[in-house]
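Visitor: Have a look at this one before I ask anything.
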C-alpha cells in the first residue's frame, strides 16, 4: 500500500456548524489512514493566527485523532480549498434540477482511486449539516456522489458520510486490480475556474451570452467540460483559443 496516495486526498467541510462534527470527522478520516482535512468558514469555531483553537467537544469527538484536527487547514472559500486539486467531487444527498455526472459511493471511489494512483490530487466536498452544498458550490465539482441509503430517511450525519466515503476510497486504493489511468496531468480546480471566467467574458464579447439573462448556459458549459476531464495541455489550448478570439475582437 502506497501511503502517499492517502495524502493526495483532501476532505473539505463547508461551513460546518458544530465543532463536535469536525472532531468526529477527523476520527473518521484517521481510522482510514487519511489526514488531509480542510475547513471552509466553519461556524462557531475560533480561528487565531491561522490556527484552529480546538474546542473541548471537538477534541473529545476526535478521540485520538487530535493531530488531524491540529493540522486542518482553514479557508475562506471553497475555491481556495480546492485550488491545487485536479479532480473535485461534491457529496449530495438529493437530486438536482440540472443532471450532473452522478455515481454511488463505491463507483465514485473506483474512479477516484484510478486518478489518485495516477498521481493526481483530489478533493471531496461535504456541505452544511442542515442544507448540504448549494447548486453553485456543486457547480465547482467535476462529479457528484450519493451514498445509497433508506429512501425514506437518507440524510446521513456529516461525519458518518465522510466515514463511508473514506472507507470506500481506502478499499479501492488497496485493491491491486485498480491501476492508474494513462493520461497527462489534469488541469487543477484553479485553472478550471480561470478558464470558466475567461470563457464567460469571451462569450459576452461575441454576444453569445447575455450577462443580464445568462440562464443556465455557464452551468451547462461546466457540466460539458467536467465530463471531459481536461488535461493541462488541453486547457492551455482552450485558453489560447479564447485569447485569439479576444484579440480578433479587440482589433476589429
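The values are calculated or read from the model by the stated rules, or taken from the named source; none is laboratory data. Everything quoted here is computed from the prediction, not taken from an experiment. Glycine gets a Cβ as well: all are built from the backbone with ideal geometry, and neighbour counts include every protein chain shown.
Visitor: Which one is nearest to residue 172 (Cα to Cα), of the residues in segment 36-58 that are crowded, with 18+ Cβ neighbours inside 10 Å and at pLDDT 80 or above?
Guide: Going through the qualifying residues, I end up with 36.
Visitor: Please find, within segment 131-146, the residue that is farthest from residue 16 (Cα to Cα) out of those that are in contact with a helix residue (DSSP H, G or I) (Cβ under 8 Å, 6 or more places away or on another chain) and part of a loop (DSSP other than H, G, I, E, B).
Guide: 142
Visitor: Right, another one. Test each condition in (1) within 24 Å of residue 2 (Cα to Cα); (2) part of a helix (DSSP H, G or I) for residue 244 and report the one that comes out false.
Guide: (1)
For every residue, the table says whether it meets (1) at pLDDT below 90; (2) in contact with a helix residue (DSSP H, G or I) (Cβ under 9 Å, 6 or more places away or on another chain).
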{"residue": "199", "(1), (2)": "no, yes"}
{"residue": "228", "(1), (2)": "yes, yes"}
{"residue": "232", "(1), (2)": "no, yes"}
{"residue": "237", "(1), (2)": "no, no"}
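Visitor: Kindly list the number of the only condition in (1) touching a helix residue (DSSP H, G or I) at 6+ places or on another chain (Cβ under 8 Å); (2) loosely packed, with under 15 Cβ neighbours inside 10 Å; (3) over 24 Å from residue 86 (Cβ atoms) that fails for residue 153.
Guide: Only one criterion is unmet by residue 153, namely (1).
Visitor: Now for a separate question. In this structure, does residue 168 turn out to be under 20 Å from residue 102 (Cβ atoms) and without any contact (Cβ under 8 Å) to a residue 24 or more places away in the chain?
Guide: No, not satisfied.
Visitor: A follow-up question, please. Can residue 205 be described as at negative phi and either exposed (fewer than 13 other Cβ atoms within 10 Å of the Cβ) or modelled with pLDDT under 90 (or both)?
Guide: So residue 205 does not fit the description; no.
Visitor: Test of understanding: among 166, 123, 81, 149, which residue is outside any strand (DSSP E or B) and touching a strand residue (DSSP E or B) at 6+ places or on another chain (Cβ under 7 Å)?
Guide: Exactly one residue qualifies, and that residue is 81.
Visitor: Is it the case that some residue within segment 110-119 is outside any helix (DSSP H, G or I), assigned by TED's automatic domain parsing to the domain that holds residue 10 and either out of contact with any helix residue (DSSP H, G or I) (no Cβ under 8 Å at 6 or more places or on another chain) or farther than 20 Å from residue 82 by Cα (or both)?
Guide: Yes, there is a match, as at least one residue in segment 110-119 is outside any helix (DSSP H, G or I), assigned by TED's automatic domain parsing to the domain that holds residue 10 and either out of contact with any helix residue (DSSP H, G or I) (no Cβ under 8 Å at 6 or more places or on another chain) or farther than 20 Å from residue 82 by Cα (or both).
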